[in-house]
Structures are given as C-alpha cells and as structure tokens.
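Down below is the structure, laid out as structure tokens.
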Amino acid sequence: MLPKPKKIREVYMDHAATTPVDGRVFSAMKPYFSEKFGNPSSLYQSGRIASGVLNDSRRIVAGHLHALPENIIFTGSGTESDNMAVYGMTRAHEKHGKHLISIAIEHHAVLYPLEDLKKQGWDVTFVPVNRQGLVSAQDVIKAVRPDTILITIMYANNEVGSIQPIAEIGRKLLQYRKEHNTPYPYFHTDACQAAGSLSLDVEKLHVDLMTINGGKIYGPKGVGVLYLRRGVAIKPLILGGGQERRLRSGTENVPAIAGMAKALDLVQKDKEKETGRLRQLSEYLWQKIQREIPDVRLNGPEIGENRLANNLNVTFMDVEGEALLLYLDEYGIMCSTGSACTSESLEPSHVLRSMGLPYEYAHGSLRFSFGHPNSKQDVDYLMKYLPVIVKTLREISPVRLAKTKHAQFKK
Amino acid sequence: MPKKSVKKKNLSGPVDIRTGTGEGWLYSDIVKDHFFNPRNFMHYGEEEKFRYNAMGRVGSPACGDEMVLWLDIDKKTEKIKDCRWRTFGCGSAIASTSVLSEMLKEKDGMKIEDALKLKPQDILARLGGLPERKVHCSVLGDKALQAAVNDYFRRTGQHGRIVTAGSKVIDKTLNITDHDIEEAVLEGAQTLEDVQKKLKVGAGDPSSIPAIEELIRFYAEKYYGE
C-alpha cells in the first residue's frame, strides 16, 4: 500500500546513537593491533612504542580540553567515565557530605548511579528543566547546600539536543566556592554528545570532571576519557595493575586510545564548518516536515545556539514511534524514537517526560541525528516517504490528538 | 522490569528476536505482512458507510496503545459478518489487530460466543509469536473484542449477557483488581510504594508488579494528567 523505491538508499540518521569510524581514525589505529602490539607497561622497545602512543594520545586529548596530559584518564567507555565520576567522587568525598545535584534528563549512565546512591542514603536534587529541556544556571546554584559534594550536568542532551549553560553554571560555582571558602561542590559534565561540535575547554567551562567517548565522534567504541582536574581526589572503581595513575587499572587499549585521540582531533578542528552544515540540514528537514506533514511538534529548543546542530526531534501526533521506525527501516532509513515500545523498560523517554511532554507525545517522537555522511539528498529521500508513512499510520490510528486535548502543545 | 509473563514455549512458531547477522527482522514474517499490509482497517471516510452494530474502544494513547473495533453481527446466527478497526501502537499492536480481524471474519464469521473465548495467546499463535516484551501489545485486541461484544449486548437489550469489564484480577494471591488500583490512585497514591501501602499489592504476587505499575501510570495520567 506504500510506494516501493526502485533502489533502496541506505540513510543513517542516528549519529547520536553512534557514528561510523572515520577512515583516517581507522588508519591511525591499525598499526597497534598486530604490528605494534606491546603493553605500555613493558620496558622493552615494543612496550616503549605503545607507551609513546599513549602519551601522544593523552597530549592530543589534553590539548583540546585545555588541560594537562596527566589529568586525562582513559577508560572503557563514556558510561564507565560517568560511573567513575559519580561513584569515584562520592566514595572519595562522602565524609564532607552526602548531597548531589543533577538534572532528570541525564543519560542513564549518570542517572542510574545516582538512583543507586539514593538507595544507599544519598540525597540527590534533580533541578527541573524547562519545556525546551534546558536548566537554568541560577536554579542549579540555588540547589547547592553545604553538604553538596558534586554537581553533574550533561553538556548536551542526546535526545533533544538541548545545550546546557555549563560555562555559566561553572562561573557561578566558582563564585559560590570563593564566597564560602570551600572547594565544594565539584562539577562534572557528560560531554559525550557535545564533543563533536562544541568547545571542550575545561578552563572556560570551569568543570572539574568531564566525560567524553569515542563512539560518538567517528572514533572507535569501547573507549572513553575522564578529565579530572589537578588536585581533585577520586577513588578508582577498577583495581589492578595501577595503570592511569592508579585510577583505572587494566592494560590500556592502545589502538582504541590512538583512535580516540585522532577522532577528537579531527572533529574539534572541523567543528565550526561541520556544525554550520549540519544545522542547515536540520533546518532543511524541519522546514520540509512542517510544510508536508500536519500536526507535528518540535521537541527541545528551537534550532539555533541552544540546540546541537545535528539533532532534530519531532513528534508526529497520533502515530507511534516504533511503527514509524519499522516503516522507515523498509526504505533503508535509520533513526530512533522516544516511544516506550523500543525501550527495555517499556517506558517512554524519560527526557521527553521530564520536559513536561505527555506520554502520547513521547510515544510519537522520532529523533533524527545527522553526521558526516548525510547530505541534502538524504533528507530529500527521507521526505519522499515519511509524509506518506505518517499518513498511512494515521489512517490506521483511532487517535486524533490535535483535535481533542493538550491544546497547549499544538504547534 | 521483569519480563512479561507469557512463556515462549506456549507459542507455536518461532519468536524471532533480531538475528546475529542483522538480516533477520524483529518480528515473524506474518507479523511483518500484517504490519505492512493491514487488513480490514477503517479507511478515512468509511466510518459513515460501514454498517455496524457493535463498537469497542480500549486503551489510551498515553499507555502507548489504543484500539477501536467495529463489528457487524448477524442477529440470528450471532456470527461476525464483518469488522473494521483502528489501532494506535507499535508494529506488534497493529499486526495483532489486523490478524484478529481476519480471525473474526474467516469461515463466514466467528460466532460471538467463540469470539469471547479468544485469548491473547490465540492471536499470538496466529502471528507466529511475538518477542516476549511485545506480548502485552496483543492483549488489547482481546479487550477491544470484549468491549465491542458488550456494546452489542447493550444495543440489543441483552443486558444479562454483558460481561463486566474492568474488574480484572491483577494480584491473584490477594485478589486485587484493577478497580482497586484505580481507587488507590484516585485516593492520591502516586507510586508503586503508595499503592502497595494502601492495598498491600505486590506483597502477595511479585510477578504482578509490572502490571500494577502500568495501571498506576494509566490512571494517574487519566485523572491527573495535564
């Protein structure tokens, strides 16, 4: 009942999930698998080569963060870095206080450790975000108490692309600490989604810890970075051979680390140009959707400086996200949804819900996240089929949200 | 959240989860066929023309699924001559309704007596199974059918035959129904803990917790949603 394309075009619009490895990154990694495979801890030559690569990579990453190489800890993933930031800090500083501050739209890699700590008697304040998914710096500072030891707020949200005012929070926090003559609370940001397009200068952001990973910036999966400001004490989660200044034991994943450094170098050098290009794509798609599909709603901030350039999250009223995904998949188009049906928990997106979006709106959301391989032709191909898919599913659907309730959400 | 309760081995046919090669589909070929080529759904503009004497609506888009079923029941034979449906939901919900409509219509129509005996498992079997966590999507068809048949009884004045819906036992050990949970939510219970305190649910049968949580959400949205 739907048009069949003559040739299926593979269109990947899910770069917030993961990115393909850049060819240049892959080349940078290759020598360290079979050829120069030494353990950086070994003293003989191949060990020294590996150790050299490790140092070079650390320097490159540190350079982009405006940090010192010794403050870069390589880990096994963004999730591990997030867990290390939360558990490592709480374990090291619990004597000072047992209060944490965060926001409800964090990635689960932060959210679940926080919920776990709550069960262990920690007090966690989730500062509310507004309907665009943005937190106010003022509200964050207002939540600080004498027993707050850590604030953890993501740099940019993976689902709706909202960019949090990290630098502003950081500045206000410096002021707070000065006024109260205390090093607390420390400030961590999960910058996994931001690393490809925003500045990671920790001196300008005033963060004490920062998480990034390889799999979102055209680098390999299974490698992450935790930046830890000098002088900040943290407890390691993984004990063993004492690698990474005893903070993260385990033989270093040299090829992945080399790839991570190369990937970060490439995306950071190219970020202005690529951000402009991706923003145009997002804008182009959103204009087309508004023109060709009735009853849609943009979730998250307006396209502009408060939103990741590559992210477009749209609710198609009266239809369900997983059904849309499956239809799109038939045409080779890949994106994601906030619908409950695709989540492990069978709960719709906690991000959209925390932004005050009713369940039925979360169920009908699609997230398109653009990246290097995407072009205008991809958007045109998508829009050749999306309007008719939405129309078909709406015909099957008994729901007419736009005509009934939640008038305040109407576009 | 624990897995839904229907066991794979109760289903005929394979329960297809994505294959390791990435080529396989999340669902069986039958599900796929019904999803992409849904049968007997109510087309735009058909509402005015389609003759029916029974209509049932269940679920809510807030829960992620909503379904409407229209039946044309022959009063003499009590067979379902024709039916139409509309479903808001994921692939499995749409396919389940489509396959149900086929089951109702085939062999010159199912008797409503037999239709009322249909179980979600029967729909699942016809679909060649669903992934475990999708099984709840097929439950709605069975409820919509019940609601539609009740509507028929109402319209034909056979009030004695109406099967009272909405008092489904959720926790078998403590004999707690969805009505009890609705009442608890209306009394201000917002979380599982609140409801458990009021009703002691979940204490008797831990496997009922997911269903209870779903009901709490549903009623909270219904009565307190924006």
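Considering only segment A:328-339, I want to know if a residue exists there that is within 11 Å of another protein chain (Cβ to nearest Cβ) and at positive phi.
No, every residue in segment A:328-339 fails to be within 11 Å of another protein chain (Cβ to nearest Cβ) and at positive phi.
Take B:LEU124 and tell me if it is open to solvent by 10 Å² or more (accessible area, probe 1.4 Å) and closer than 23 Å to B:SER60 by Cα.
Answer is no for this residue.
So A:ARG245 clears everything in (1) touching a Gly at 6+ places or on another chain (Cβ under 7 Å); (2) touching a residue at least 12 places away in the same chain (Cβ under 8 Å); (3) under 22 Å from A:TYR87 (Cβ atoms) except one condition, right? Which one?
Unmet for A:ARG245, out of (1) touching a Gly at 6+ places or on another chain (Cβ under 7 Å); (2) touching a residue at least 12 places away in the same chain (Cβ under 8 Å); (3) under 22 Å from A:TYR87 (Cβ atoms): (1).
Go through segment A:237-283 and report how many residues are open to solvent by less than 40 Å² (accessible area, probe 1.4 Å) and not in a helix (DSSP H, G or I).
Here the count works out to 7.
Consider A:ARG297 carefully, then state whether it is on the phi < 0 side of the Ramachandran plot and open to solvent by 50 Å² or more (accessible area, probe 1.4 Å).
So A:ARG297 fails the test.
Which residue, of B:GLY91, B:GLY59, is within 11 Å of another protein chain (Cβ to nearest Cβ), at positive phi and touching a residue at least 24 places away in the same chain (Cβ under 8 Å)?
Of B:GLY91, B:GLY59, the one residue that is within 11 Å of another protein chain (Cβ to nearest Cβ), at positive phi and touching a residue at least 24 places away in the same chain (Cβ under 8 Å) is B:GLY59.
Can you tell me which residues in segment A:178-205 are open to solvent by 30 Å² or more (accessible area, probe 1.4 Å) and closer than 24 Å to A:LYS95 by Cα?
A:LYS178, A:GLU179, A:HIS180, A:ASN181, A:THR182, A:PRO183, A:TYR184
With respect to A:PRO236, is the statement that it is closer than 23 Å to A:ASP14 by Cβ and more than 15 Å from the chain's Cα centre (by Cα) true? Quick ask: steps written out before the conclusion?
Numbers: closer than 23 Å to A:ASP14 by Cβ: no; more than 15 Å from the chain's Cα centre (by Cα): yes.
The answer is no for A:PRO236.
In segment A:58-69, what residues are under 17 Å from A:VAL207 (Cβ atoms) and either over 20 Å from the mean Cα position of the chain (by Cα) or open to solvent by less than 10 Å² (accessible area, probe 1.4 Å) (or both)?
Taking segment A:58-69 and keeping what is under 17 Å from A:VAL207 (Cβ atoms), we get A:61-68.
Hits for segment A:58-69 are A:VAL61, A:ALA62, A:GLY63, A:LEU65, A:HIS66, A:ALA67, A:LEU68.
If you scan segment B:51-70, which residues turn out to be open to solvent by less than 40 Å² (accessible area, probe 1.4 Å) and over 16 Å from the mean Cα position of the chain (by Cα)?
Result: B:ASN53, B:ALA54.
Report yes if some residue within segment A:80-103 is outside any helix (DSSP H, G or I), closer than 23 Å to A:SER199 by Cα, under 19 Å from the mean Cα position of the chain (by Cα) and not polar (S, T, N, Q); otherwise report no.
So in segment A:80-103, the residues outside any helix (DSSP H, G or I) come out as A:94-103.
Applying the additional criterion that residues be closer than 23 Å to A:SER199 by Cα yields A:102-103.
Among the residues that remain, those that are also under 19 Å from the mean Cα position of the chain (by Cα) are: A:102-103.
From what is left, the residues that are not polar (S, T, N, Q) are A:103.
Scanning segment A:80-103, I find at least one residue that is outside any helix (DSSP H, G or I), closer than 23 Å to A:SER199 by Cα, under 19 Å from the mean Cα position of the chain (by Cα) and not polar (S, T, N, Q), so the answer is yes.
Is it fair to say B:VAL31 is modelled with pLDDT under 85 and either closer than 29 Å to B:ARG155 by Cα or touching a Ser or Thr at 6+ places or on another chain (Cβ under 9 Å) (or both)?
Judged against the criteria, B:VAL31 is not a match.
With the checklist (1) assigned to a helix (DSSP H, G or I); (2) without any contact (Cβ under 8 Å) to a residue 12 or more places away in the chain; (3) open to solvent by 70 Å² or more (accessible area, probe 1.4 Å) in hand, flag the one item A:GLU35 doesn't pass.
(1)
Please identify the pairs in which a residue from segment A:84-110 that is under 20 Å from A:ARG246 (Cβ atoms) and open to solvent by less than 10 Å² (accessible area, probe 1.4 Å) has its Cβ atom under 7 Å from the Cβ atom of a residue that is in a loop (DSSP other than H, G, I, E, B) and charged (D, E, K, R), counting only partners at least 6 apart or on another chain.
Short answer, once both residue conditions are applied: A:GLY88/A:LYS235.
Here are some conditions: (1) over 30 Å from A:GLN164 (Cβ atoms); (2) open to solvent by less than 10 Å² (accessible area, probe 1.4 Å); (3) at pLDDT below 90. A:PRO348 meets all but one. Which one does it not meet?
Among (1) over 30 Å from A:GLN164 (Cβ atoms); (2) open to solvent by less than 10 Å² (accessible area, probe 1.4 Å); (3) at pLDDT below 90, A:PRO348 violates only (1).
Taking only segment B:41-50 into account, find how many residues are more than 11 Å from chain A (Cβ to nearest Cβ) and either open to solvent by less than 20 Å² (accessible area, probe 1.4 Å) or touching a residue at least 24 places away in the same chain (Cβ under 8 Å) (or both).
1
Does at least one position in segment A:106-122 carry a residue that is under 21 Å from A:SER77 (Cβ atoms), part of a loop (DSSP other than H, G, I, E, B) and at pLDDT 95 or above?
Yes, segment A:106-122 contains at least one residue that is under 21 Å from A:SER77 (Cβ atoms), part of a loop (DSSP other than H, G, I, E, B) and at pLDDT 95 or above.
So A:ASP318 fits all but one of (1) farther than 29 Å from A:ALA195 by Cβ; (2) assigned to a helix (DSSP H, G or I); what number is the exception?
(2)
If I ask for residues that are closer than 12 Å to A:GLY196 by Cβ and not charged (D, E, K, R), which ones from segment A:262-279 would you list?
Scanning segment A:262-279 gives A:ALA263, A:LEU264, A:LEU266, A:VAL267, A:GLN268, A:THR275, A:LEU278.
Applying the selection to segment A:136-163, what residues are more than 27 Å from A:GLY338 (Cβ to Cβ) and open to solvent by less than 10 Å² (accessible area, probe 1.4 Å)? Don't jump to the end; show me each part of the working.
Going through segment A:136-163, the residues more than 27 Å from A:GLY338 (Cβ to Cβ) turn out to be A:138, A:141-142, A:144-150.
Hits for segment A:136-163 are A:THR148, A:ILE149, A:LEU150.
The values are calculated or read from the model by the stated rules, or taken from the named source; none is laboratory data. Computed from a prediction, not measured in an experiment: that's the story for all the values here. In this analysis, Cβ positions are derived from the backbone assuming ideal geometry, glycine residues included, and neighbour counts consider all displayed protein chains. For accessibility, only protein heavy atoms count, side chains too; no ligands or nucleic acids. Shrake-Rupley method; radii C 1.70, N 1.55, O 1.52, S 1.80 Å.
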